[in-house]
Amino acid sequence: MKKLIGILISFSLVMAMGCTETRYFTSSDTSYIPTYLPNENCKLVSFKPGLEPAGFNGVKWETELSILGEMKLYRKEPSHGGIEFYLKAGDAYKLRNGKLVPIYYGFWRGKFYVGVVKTEQVSDWEALKESVFEKYGVGAKPFNNQEEYLWIGKDVTMALRYDRYSKAGLYYIRSHTMEKQMN
């Protein structure tokens, strides 16, 4: 069990460091550098039977970008294996408070790999967290001092994270199968 918790914490730390913004390392403001204190009581959380996502918002994992209509390139991430993020016309994630926020669809080599939702206000983060918890339950909390939750399934990793410094929330779901192809 301790080995499993160690793996979960290590994985989360790698993800957190890989997803942190460069401001932590390039800014002269050193008042905020994230510190992660492991939650030794953390237990791996998977999805309830039948609830592991086979994709995100109706787009199945490995769906070819070319068959999806009305996708507009948002950003290319060469540092993350060449993932390209797209926005789908007329598509948004409805928060618990009724606000609509963009959904970013990430593709690797033209195949769907990850779905991402970002918030920029505390109230939107709270609404996002409530909606995710309502649908999937509360995820594993690998750190005592960070607002971060993880769900690990057979083919899906899902994370929900809040950055107190920027007041930004991040919710993503990604495919293990696609991730293995990337390595």
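For this structure, a couple of remarks:
- Only a single item in (1) under 14 Å from the mean Cα position of the chain (by Cα); (2) farther than 24 Å from Leu100 by Cβ; (3) in contact (Cβ under 8 Å) with a residue 60 or more places away in the chain is not met by His176, and it is number (3).
- Restricting Tyr136, Tyr149, Tyr105 to residues that are surrounded by 15 or more Cβ atoms within 10 Å (Cβ to Cβ) and modelled with pLDDT of 95 or more narrows the list to Tyr105.
- In the stretch 84-183, counting only strands (runs of 3 or more DSSP E) that sit wholly within it, the ones holding 2 or more residues that are farther than 28 Å from Glu40 by Cα span 103-108, 111-119.
- Residue, surrounded by the fewest Cβ atoms within 10 Å (Cβ to Cβ), within the stretch 37-64, restricted to residues that are assigned to a loop (DSSP other than H, G, I, E, B) and aromatic (Phe, Trp, Tyr): Phe47
- Tally, over the stretch 65-83, of residues that are in a strand (DSSP E or B) and farther than 27 Å from Lys135 by Cα: 7
- Matching residues, the stretch 108-122, being polar (S, T, N, Q) and surrounded by fewer than 22 Cβ atoms within 10 Å (Cβ to Cβ): Gln121
- Tabulated pairs, the stretch 83-100, first under 14 Å from Val59 (Cα atoms) and touching a residue at least 12 places away in the same chain (Cβ under 8 Å), second of a type in the set (S, T, N, Q) and surrounded by fewer than 15 Cβ atoms within 10 Å (Cβ to Cβ), C-beta under 9 angstrom, 6+ apart or interchain: Lys88/Asn57; Asp91/Asn57; Tyr93/Asn57
The values are calculated or read from the model by the stated rules, or taken from the named source; none is laboratory data. In this text the structure is predicted, and so the values were computed from the model without any measurement. Backbone-built Cβ (ideal geometry, glycine too); neighbour counts: all protein chains shown.
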